[in-house]
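Colleague: Next up is a structure, given as structure tokens.
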Amino acid sequence: MQTLNSNNPNIAQIHNAIAADYYTKDDYTNALESYKKGLLIFTEAYGEDHPNVAMCLNNMGFIYQDEEKYSDALDIYKSLAQYDQALEYLNLLLEISKKSLHPQHPEIAITLENISLAYERKDEMSEALFYITQAATIFRHSLPPTHSRVIEIEQSIQHISSKQK
């Protein structure tokens with residue numbers, strides 16, 4: 001059996017998976033801690049301009065939004081101006097996730113939500129609405145209607161719909 005170095009990008013992927021699990025349970029403190037660990041490894045392994053770094057930052061931005069730390073979220077989103085590159089990676093991640101996970105898995109919903117956010121930032125509201133609606137379907141299926149994630153995603157749908165031209 002081979003042991004992975006703690007700076008191996010596969011370890012960062014594990015940190016991200018753990019963070020996503022914490023996030024779906026509204027445990028933002030542990031989610032943020034895990035995303036930061038993954039971010040550090042990805043940054044050391046690939047540099048700051050890699051899609052995995054963008055994905056970590058994007059997910060951290062969601063946490064800051066959920067915690068109503070909007071200035072922290074804004075700082076992260078400003079650093080993520082490479083939306084096309086992020087979308088390329090997120091679509092690849094979505095494709096892989098759909099092959100390896102249950103269709104209603106929260107990780108798929110989070111990826112769809114991230115894709116939606118990237119399109120929203122590019123001012124492509126019809127695409128943003130398409131992906132956020134898919135994410136909402138998964139969250140509605142896997143979480144109770146009163147769960148904060150379901151409520152937040154419904155608000156996101158309304159927000160994006162209001163911005164559509």
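Colleague: Gain in length, Glu67 to Lys25, computed as 0.36 nm per residue apart minus the alpha-carbon separation, to one decimal in nm?
Modeller: This chain segment gains 13.8 nm when fully extended.
Colleague: Let me ask something else about it. Relative to the longest principal axis of the chain, what angle (0 to 90°, nearest 10) does the C-alpha long axis of helix 28-46 take?
Modeller: Taking the Cα atoms of the chain, the angle to 28-46 is about 60 degrees.
Colleague: Which of rounded, prolate or oblate describes the range 83-165 when judged by the alpha-carbon gyration tensor and an a/c cut-off of 1.5?
Modeller: oblate
Colleague: Sorted by average packing, counted as other Cβ atoms within 10 angstrom per residue and highest first, what order do 54-66, 6-18 take?
Modeller: Going from most to least packed, we get 54-66, 6-18.
Colleague: Picking from Ser142, Tyr64, Ser79, whose Cα lies most toward the positive end of the charge dipole for the chain (charges on Cβ: Lys, Arg +1; Asp, Glu -1)?
Modeller: My answer, from the dipole projection, is Ser142.
Colleague: List the GluC sites (Glu not before Pro) within the range 1-54 that fall in a DSSP loop (any state other than H, G, I, E or B) and whose Cβ has at most 16 other Cβ atoms within 10 Å.
Modeller: Counting only loop positions with at most 16 other Cβ atoms within 10 Å, the GluC sites (Glu not before Pro) in the range 1-54 are Glu48.
Colleague: Taking Cα atoms, how many degrees apart are the long axis of helix 148-163 and the longest axis of the chain, rounded to 10 and kept between 0 and 90?
Modeller: Taking the Cα atoms of the chain, the angle to 148-163 is about 60 degrees.
Colleague: While we're looking at this one, here's another question. On a 28 Å Cα-Cα criterion, which of the cross-link pairs Lys36/Lys98; Lys69/Lys98; Lys25/Lys98 come out too long?
Modeller: Pairs exceeding 28 Å: Lys69/Lys98.
Colleague: Which one of Leu129, Asn52, Gln104 has its Cα pushed farthest toward the positive end of the charge dipole of the chain, where Lys and Arg give +1 and Asp and Glu give -1 at the Cβ?
Modeller: Gln104
Colleague: When the chain is modelled as a GNM with alpha-carbon springs shorter than 10 Å, which of Ser148, Ser116, Ser100 fluctuates the most?
Modeller: Highest fluctuation of the listed residues: Ser100.
Every number in this text was worked out from the coordinates using simple rules, so none of it is lab data. Treat the numbers as computed from the prediction; the structure is a model and nothing was measured. Positions of Cβ are generated from backbone atoms using ideal geometry, with glycine treated the same way; all protein chains shown enter the neighbour counts.
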